[in-house]
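A.B. asks: Right, I'll just put the structure down here and ask away after.
Throughout, read-outs are computed from the coordinates displayed, never taken from laboratory work. The structure presented is a predicted model; accordingly, all values stated were derived computationally and were not measured. Reconstructed Cβ throughout: ideal geometry from the backbone, glycine too, with neighbour counts over all protein chains shown.
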Amino acid sequence: MLLPALGVAQTATEGVTLTVNGRPTDTVQAALVAEDSLFVSTEVLATDLGVQVQVERGLWRLAYYDHTWLLRAGERTLRHDDREEQSALAPLQRGERLFVPLALLSETLQLVVTHDGEKWALQSPCANLLQVRQGAHEDRVRFVFDLAAPAGYRLYQEPGKVVLEMPAAA
């Protein structure tokens with residue numbers, strides 16, 4: 001399939017197998033490969049790596065701990081931590097889903113990226129949990145996980161529980 005980015009046609013390969021922190025992604029359209037680079041959906045960034053994703057009028061805001069990226073589909077100019085930067089590849093949009101070149105984020109997220117053909121794997125830093133705190137409030141219960149350094153995480157619900165997973169040292 002051909003995708004436009006700044007007037008340049010890119011050939012994208014769909015059906016890429018993506019594993020994050022040892023778990024296969026749940027999303028059918030989790031990633032694609034274009035120009036020999038991995039593009040990851042914002043859905044996977046949010047669900048499997050703990051990146052906060054917001055979109056307003058075509059401007060995508062990605063936040064990870066104290067780092068922020070502001071970007072638009074098809075544009076190579078972006079803002080990263082209040083600095084304007086040029087990316088080698090522009091994010092790609094498919095319907096409501098944005099695919100971000102992993103090269104934009106991998107260093108800041110400290111991801112180890114491996115691949116063998118169309119099988120890709122991302123490993124985020126291991127969580128060094130310092131302390132867990134619980135606070136009971138009038139309208140909610142709050143849990144705080146103090147970490148020694150940023151770490152990716154996966155948060156999801158199952159019947160009767162909320163699950164938070166962080167990669168641990170092997």
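A.B. asks: Under the Karplus relation 6.51 cos²θ - 1.76 cosθ + 1.60, θ = phi - 60°, what is the ordered set of whole-Hz ³J(HN,Hα) values for region 154-164, x standing for Gly and Pro?
C.D. replies: 10, 10, 8, 10, 10, x, x, 7, 10, 10, 10
A.B. asks: While we're here: To the nearest 20 debye, what is the magnitude of the charge dipole of the chain about its Cα centre, counting +1 on the Cβ of each Lys and Arg and -1 on the Cβ of each Asp and Glu?
C.D. replies: So the magnitude is around 240 debye.
A.B. asks: Given Cβ point charges of +1 (Lys, Arg) and -1 (Asp, Glu) and nothing else, what value in debye, to the nearest 20, does the dipole of region 21-111 about its Cα centre take?
C.D. replies: 220 debye
A.B. asks: At 25 °C and 0.890 mPa s, grab the translational diffusion coefficient of region 52-108 from Stokes-Einstein with a Kirkwood Rh over Cα pairs, rounded to a whole number in µm² per second.
C.D. replies: Using the Kirkwood radius from Cα pairs, D works out to 215 µm²/s.
A.B. asks: Next up: Where does each of 156-166, 106-116, 42-52 land if you order them by average Cβ count within 10 Å, highest first?
C.D. replies: Most protected by this proxy first, the peptides run 42-52, 106-116, 156-166.
A.B. asks: Helix-derived [θ] at 222 nm for the chain: sum -39500 (n - 2.57) over DSSP H runs of at least 4, divide by residue count, nearest 500? Before the final figure, lay out each step's value.
C.D. replies: Values: 1 runs with 8 residues, N = 170.
Per the formula, -1500 deg cm²/dmol.
A.B. asks: Go through (1) 29, 19, 15; (2) 31, 19, 12; (3) 41, 19, 14 and flag the label whose value is the computed semi-axes √(5λ) of the Cα gyration tensor in Å for this structure.
C.D. replies: The calculated read-out lines up with (1).
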